[in-house]
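Read the figures in this text as sums done on the coordinates, not as results from a lab. Because the structure is predicted, anything quoted here is derived from the model rather than measured. Counting neighbours? That spans all protein chains shown, and the Cβs are built from the backbone with ideal geometry, glycine included.
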Amino acid sequence: MDVGFSGPIEVTISSRYFLGSCEYESIRSHEFRHVDIMRKSVTAYRDEMAAVVASSVATLSEYTFTLPDAQRRILDHIQMSTRSVFDKMMRMSVEQNAALDTPENYRREQAVCSNW
């Protein structure tokens, strides 16, 4: 099982900031630090999440359902089983993002550019 991101993550930046401008690059850098924090959080809990999902799937019982109903039940079962690991992963991410989003850090980042 693969736990992670399936493709590149896009960060949208206001059209108010021109591509390549100091402000654009500052915002881009800041936002990709948030992306890195999320990636690190996922990586930190990857093995625990995979183990919980595997254990959760192993406890599923055989029933006769329509395919859409079976898919929904399996997904609901896995989501309930992984909630505590997901919550830990999100707490880690929120704490690290909060450290990045302080008024002091924003002042430092904005001091680098002049056209805010």
Folded to 0 to 90 degrees: helix 22-58 orientation relative to the chain principal axis, Cα
10
Considering only VAL57, ALA44, LEU75, whose Cα is most displaced toward the positive end of the charge dipole of segment 28-87, charges sitting on Cβ of Lys, Arg (+1) and Asp, Glu (-1)?
ALA44
Please report, in debye to the nearest 20, how large the charge dipole of segment 1-108 is about its Cα centre when each Lys and Arg carries +1 at its beta carbon and each Asp and Glu carries -1 there.
180
For the chain, built as a Gaussian network whose Cα springs stay under 10 Å, the top-fluctuating residue of LEU67, LEU100, LEU75
LEU67
Enter the angle in degrees (range 0 to 90, nearest 10) between the Cα long axis of helix 67-100 and the first principal axis of the Cα atoms of the chain, meaning the one along which they spread out most.
30
Please identify which residues in segment 1-27 have an amide N closer than 20 Å to a label point set 7 Å out from the Cα of VAL57, following the Cα→Cβ vector.
1-7
Candidates THR43, THR102, THR66; GNM for the chain (alpha-carbon contacts under 10 Å) flags as most fluctuating THR66
Between (1) 33, 31, 28; (2) 38, 31, 24; (3) 64, 26, 19, which matches Cα extents along the principal axes in Å calculated for the structure shown?
(3)
Nearest 0.05, what FRET efficiency do SER15 and ASN105 give at R0 = 30 Å with Cβ-Cβ as r?
0.80
